Amino acid sequence: MPRTEVRGVEFEWSRSGQGPTTIWGHGLHGSRDVENRYGVIDHATLADHLDLVRYDARGHGESTTTTEPSTYSWDQMAQDQLALADALGIGTYVAAGASLGTATAIHAAVLAPDRIAKLVLVIPPTAWETRAQQVDLYERMARIAETKGTEPLIRALDQGPVPDPVADDADWFDNKVNNLRTVDPQRLAIRLRGAGTADLPPRELVGRIEAPTLILAWSGDSGHPVDTAEQLHDLIAHSQMVVSSTAADYRTWTARMIEFINS
């Protein structure tokens, strides 16, 4: 796969398909490989309809790692994305992603509104008032990863809530476990502390986003609460929102993305 160095990081990326240029960002602890196996969106189908660029974020997958937690804040991730777009000769594009990728896309739209044609925000994470509790959780998880490895985190994960659309998916927990077991604990701790420095832009700035926006949320997930999606929908003037509580509705997301981006 191609590798491109920007902002002190070697990013591994891929590009395929034809259509509106779309840059997709994965979630925390994800990567292109992880999403190919376990992702919430069918990227192969996306590439049948879009000029799809995917990359491993700093500290994830095959991209290189930085050790300072502040370099993993969401605004820094957005600067990574914009710099990578520059390096690939991409001007205006659709910014899309899940969780961390959603936060990256929002920051990109605030930092460079002239560059972002549309936004696709999949399972927006905790933000603003709900962020502090998540930050505390990340710090506890980072300490456990550093001192005891990933197995205690896996046991804790087994006790956590499962999003409603995947409640009957027998593979959901196993997929999470298999992914965590492949991650170096020290690298995992850096990511977690980095996520602890992150938040969405102030509401005032989010409210200035003019790009047409599709928000895809699901219920039953405290790490990706419907409340964040609803607030984004209220703030972004040209937005539409779908909240899925069933597997059948959740499976429409890829098609909804394609229709929205190509409209």
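The values are calculated or read from the model by the stated rules, or taken from the named source; none is laboratory data. Quantities reported herein were computed from a predicted structural model and do not represent experimental measurements. Don't worry about glycine lacking a Cβ; one is built from the backbone with ideal geometry, like all the others, and counts go over all protein chains shown. Accessible surface is based on the protein model in full, side chains and every heavy atom, while ligands, DNA and RNA are left aside. Shrake-Rupley method; radii C 1.70, N 1.55, O 1.52, S 1.80 Å.
Out of 48, 114, 75, which single residue is touching a helix residue (DSSP H, G or I) at 6+ places or on another chain (Cβ under 6 Å), open to solvent by 50 Å² or more (accessible area, probe 1.4 Å) and either under 26 Å from residue 196 (Cβ atoms) or not basic (Lys, Arg) (or both)? When all the criteria are applied, what remains is 75. Of the numbered criteria (1) in contact (Cβ under 8 Å) with a residue 60 or more places away in the chain; (2) loosely packed, with under 13 Cβ neighbours inside 10 Å; (3) in a helix (DSSP H, G or I), the one residue 161 fails is (3). Residues considered: 255, 195. Of these, the only one that is of a type in the set (A, V, I, L, M), open to solvent by less than 20 Å² (accessible area, probe 1.4 Å) and at negative phi is 195. Within segment 198-219, the only residue that satisfies the criterion of being small (Gly, Ala, Ser), assigned to a loop (DSSP other than H, G, I, E, B) and open to solvent by less than 10 Å² (accessible area, probe 1.4 Å) is 198. Test residue 225 against the criterion of being surrounded by 18 or more Cβ atoms within 10 Å (Cβ to Cβ) and touching a Gly at 6+ places or on another chain (Cβ under 6 Å), and give yes or no. Judged against the criteria, residue 225 is not a match. The listed residues are 85, 57, and the only one of them that is part of a helix (DSSP H, G or I) and at pLDDT 95 or above turns out to be 85.
When segment 218-263 is limited to residues that are under 19 Å from the mean Cα position of the chain (by Cα) and among the acidic types (Asp, Glu), the one that is nearest to residue 100 (Cα to Cα) turns out to be 221.
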